[in-house]
Amino acid sequence: GNYNNVTLYSGNLSLTGNANVRGTLNFNSGKVKLGDNTLTLSSSSGITGFNSTNYVITDGTGKLKINSIGNSEVTFPIGTTSSYNPVYLTNAGASDNFSAKVKSGFTVDPPDPTRAINREWDVSEDVTGGSDVTLRFQFNEGEANNNFILNGAYDVGHYEGSTWVGRSATITGTSYPYTINVSGINSFSSFAVGNQGAMPVTLQNLTSNVTGRNISLK
């Protein structure tokens, strides 16, 4: 259905079909469970009151969709039935509508899932091309697989059609929950977080300088 404003006061609201909110979705207390349905918000300013206990549960194929995202960071307050794992999105390119969901485990395992966070974020856009996106993914204590090293070097893995490709990323925070940042994203599908080596890495650029008998590779 189509709604002007929705306020959730207590408990869980389970969608039984796709829903569009033209005004504001306000989390006073409780969660929204999507199931296989899509919840669409007309603008990035249309969602308030969310936190680690009040958020959108992406427990099926449905996604949270937010329209008209541009060069201001927008929070997708999504999570599993047991954890809050939002994704933060900034788009320096052409304004577009974006959708996101998160789940435990992987649709296709990365090369070394033991060195990854046990979460997979699925991000998509309505119009292909023209986006220049920075993503931040949040993970919590207890979500890392056995061989993940918190103080190691990090990649954000992007599943590009048939294989995972790692992009060097930076982590923010001094305690849980942490967020990990990656920029320059212009294609979308599944994303994951891991130590370098958990995902294969593709070089985006390679330069060399020769000084005497020494070669410097960057």
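The values are calculated or read from the model by the stated rules, or taken from the named source; none is laboratory data. Predicted model, so just to flag it, every value in this text is computed and none were measured. A quick note on method: Cβ atoms are made from the backbone with ideal geometry, for glycine too, and the neighbour counts reach across all protein chains shown. Areas reflect the complete protein model, heavy atoms only, side chains present, ligands, DNA and RNA absent. Shrake-Rupley method; radii C 1.70, N 1.55, O 1.52, S 1.80 Å.
Per-residue answers, yes or no, for (1) over 12 Å from Lys65 (Cα atoms); (2) modelled with pLDDT under 95; (3) open to solvent by less than 50 Å² (accessible area, probe 1.4 Å); (4) outside any loop (DSSP other than H, G, I, E, B):
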position	(1), (2), (3), (4)
Ser10	yes, yes, no, no
Gly17	yes, no, yes, no
Val32	yes, no, yes, yes
Gly35	yes, no, yes, no
Thr40	no, no, yes, yes
Ser44	no, yes, no, no
Q) Pick from the stretch 82-96 the residues that are touching a residue at least 60 places away in the same chain (Cβ under 8 Å) and in a loop (DSSP other than H, G, I, E, B): which of them is nearest to the chain's Cα centre (by Cα)? A) Ser83
(Q) within 25 Å of Gly197 (Cα to Cα), at pLDDT 95 or above, part of a strand (DSSP E or B) and among the basic types (Lys, Arg): is that true of Lys103 in this structure? (A) yes
**Q.** Hits in the stretch 60-79 (condition: assigned to a loop (DSSP other than H, G, I, E, B) and surrounded by fewer than 17 Cβ atoms within 10 Å (Cβ to Cβ))
**A.** Gly60, Thr61, Gly70, Asn71, Ser72, Glu73
(Q) Residue under question is Asn51, and the condition is that it be closer than 27 Å to Asn5 by Cα, of a type in the set (S, T, N, Q), crowded, with 21+ Cβ neighbours inside 10 Å and over 12 Å from the mean Cα position of the chain (by Cα); does it hold? (A) no
Q: Would you check if there is a residue in the stretch 132-154 being basic (Lys, Arg), touching a residue at least 40 places away in the same chain (Cβ under 8 Å) and either in contact with a strand residue (DSSP E or B) (Cβ under 8 Å, 6 or more places away or on another chain) or not in a strand (DSSP E or B) (or both)?
A: yes
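Table: residues versus (1) closer than 17 Å to Ser190 by Cα; (2) open to solvent by 30 Å² or more (accessible area, probe 1.4 Å); (3) at pLDDT below 95; (4) among the β-branched types (Val, Ile, Thr).
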| residue | (1), (2), (3), (4) |
| --- | --- |
| Ala116 | yes, no, no, no |
| Glu120 | yes, no, no, no |
| Ser124 | yes, yes, no, no |
| Gly130 | no, yes, yes, no |
| Leu135 | yes, no, no, no |
| Gln138 | yes, no, no, no |
| Glu143 | no, no, no, no |
| Ile149 | no, yes, yes, yes |
| Ala153 | no, yes, yes, no |
**Q.** strands (runs of 3 or more DSSP E) contained entirely in the stretch 168-218, each with at least 2 residues that are open to solvent by less than 40 Å² (accessible area, probe 1.4 Å) and in contact (Cβ under 8 Å) with a residue 12 or more places away in the chain
**A.** 178-185, 190-195
